[in-house]
2 protein chains.
Amino acid sequence: MIEKIPEKPAVAERIPAALRREQILAAASRVFGERGYSGATTDQVAQAAGISQPYVVRMFGTKENLFLEVLQRALDKLDISFRAVLAEPVPEGLEREEFLAPRLGAAYVDLIEDKGILMSLMQAFITGHDPVIGAKARSGFLSIYRLLREEAGFEAEQTADFLAHGMLMNTLLALRLPDLYQEDDAACELLTAALGTKLDLVLHVSTAPENRS
Amino acid sequence: MIEKIPEKPAVAERIPAALRREQILAAASRVFGERGYSGATTDQVAQAAGISQPYVVRMFGTKENLFLEVLQRALDKLDISFRAVLAEPVPEGLEREEFLAPRLGAAYVDLIEDKGILMSLMQAFITGHDPVIGAKARSGFLSIYRLLREEAGFEAEQTADFLAHGMLMNTLLALRLPDLYQEDDAACELLTAALGTKLDLVLHVSTAPENRS
DNA sequence: TCGACTTGTAATCATTCAATTACAACCTAA
DNA sequence: TTAGGTTGTAATTGAATGATTACAAGTCGA
């Protein structure tokens, strides 16, 4: 009763380059988000995308270029997500900014579902020493700041608070603190305080079987 | 009038191993703090310490081991710094926790002066995927959390706020946002909001001529 | 159906880098 | 002084990895 397992075709299915490109970017987002720019290899990205390493390199030219595209996409998705909230009508009896703060926070946390987005951003932020990636990371971060400050109408102080909690969330995720949720009381308590009602969102994502290496 | 420049002795000065060890750890703290675990090379650490690469490896066995020692030292210094504040007498007319919050915040910011400490911690936090480094980073982070929660008497919510602003500071430093302080209004404003009176501390440190590579 | 284009891989190269080996120079106690 | 331990490097190695080249297999319009 042993079935023939056609699991690993030597040659990947042939699909349009544009679509393959999206697959690679999605895979790269996860891999770079986990290991960082220098910790990730183009071969890991290729395997995650189900194709060969040379194909990854040929499609994006260089590893740096691939990372820059991953970063740009993450910034774009964050921007789109925030602007969608900004476009929502403000309920009666509420100040605009008073309504926006929790909604934007929730929108940010919801981005966890894509997994790679927030982690890739965080990995880029921490690569500030790199002349190319660092420059892009800085300008991207400042774009987010200006969006909150000018479009959402936050005060400087309020914006810093908002970003601070975002960075805490990113750090806890990168730390893989959710892995300790069951065993450690402090981890459980901190995650609850940092994520509130959105906690279950995190627990599903990180219990995934990606614990290798 | 050209003097003989004995700048680079082929062989480093001979000093006791224990002292050399401290030099290497200090150098490694800066290098790892800048480039991260996988982005840094043992040769970069060796050059920063003014010795040869094999000596670095022999003294610490492996690069991983060296990073773990750097991480442990950073955690120790943070712990010592916080406990020094906890030992301070509380001024009359103030609740203990009400007094501690700003003092602990100031103590944290003051750690910037060592430069490597906060950045090495942040680099470790973001290496949560690594089985060895990740485990140590998680337990270290939770130790800090427990210190604030149990020894300082913070509420869970308050602790999260405190850590959030710490992580924002770390991120802004890793991003090298202070490099844009002169040119960019938003960067200036955000740094002011995040660092307050301690802003000048950062501007001195990061204007250092370490922009290569 | 044939020729050009697209989508993919195998093989390989050159570099980087952690780690090892072998050795040199220095110090110090007997 | 000299033997043994300490502090250091030069040279090298082996593995990892980004990138290149050459080629195969599929697709599609004329």
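Farthest toward the positive end of the dipole of chain A, out of A:L148, A:S29, A:S81, is the Cα of A:S29, where the dipole comes from beta carbon charges about the Cα centre. The simple spin-label model puts a point 7 Å past each Cα toward its Cβ; for A:R58 and B:F99 those points are separated by 7.0 nm.
Only Lys, Arg, Asp and Glu carry charge here, each on its Cβ (+1 for the first two, -1 for the last two); on that basis chain A has a dipole of about 1240 debye about its Cα centre.
For A:S139, the distances from its label point to the matching points in the remaining copies are 4.4 nm, ordered from shortest, with each point set 7 Å beyond Cα toward Cβ. Across the copies of the chain, B:P54 has label points (7 Å from Cα along Cα→Cβ) spaced 3.8 nm apart, shortest distance listed first.
Can you give me the relative contact order of region B:47-190 as a percent, contacts being Cα pairs under 8 Å and 6 or more apart?
20
With Cα atoms as the point set, region B:30-163 shows a radius of gyration and Dmax of 17.1, 58 Å.
Charging the Cβ of each Asp and Glu at -1 and of each Lys and Arg at +1, and nothing else, the dipole of the protein assembly as shown about its Cα centre rounds to 2280 debye. Take every Cα pair under 8 Å whose residues are at least 6 apart in sequence, average their separation, divide by the length of region A:104-175, and the relative contact order is 29 percent. When only the Cβ of Lys, Arg, Asp and Glu is charged (+1, +1, -1, -1), the dipole of region A:70-174 relative to its Cα centre reaches about 540 debye. Shielding of peptide A:146-157 by partners, expressed as the average count of other chain Cβ atoms within 10 Å per residue Cβ, is 2. Taking the charge dipole of region B:41-199 about its Cα centre, with +1 at Lys and Arg Cβ atoms and -1 at Asp and Glu Cβ atoms, the residue from B:G196, B:T127, B:V45 reaching farthest to the positive side is B:V45.
With each label modelled as a point 7 angstrom along the Cα→C-beta vector, the A:K198-B:T197 pair spans 3.4 nm.
Between the beta carbons of A:Q23 and B:E92, assuming R0 = 51 Å, the FRET efficiency works out to 0.20 to the nearest 0.05. Across the identical copies, the 7 Å label point of A:E97, projected outward along Cα→Cβ, sits 2.8 nm from its counterparts, in ascending order. Accessible area per residue for region A:70-174 is 39 Å², calculated with a 1.4 Å probe on protein heavy atoms, without ligands, DNA or RNA. Estimated from the Cβ-Cβ distance and a Förster radius of 51 angstrom, the FRET efficiency linking A:Q182 and B:E13 is about 0.45. Length gained on full extension, A:D110 to A:Q158, computed as 0.36 nm times the residue gap minus the Cα-Cα distance: 15.2 nm.
The values are calculated or read from the model by the stated rules, or taken from the named source; none is laboratory data. None of these values were measured; they are calculated from a predicted model. Note that we place each Cβ from the backbone using ideal geometry, even for glycine, and neighbour counts take in every protein chain shown. Ligands, DNA and RNA are excluded from the accessible area calculation, which covers all protein heavy atoms including side chains. Shrake-Rupley method; radii C 1.70, N 1.55, O 1.52, S 1.80 Å.
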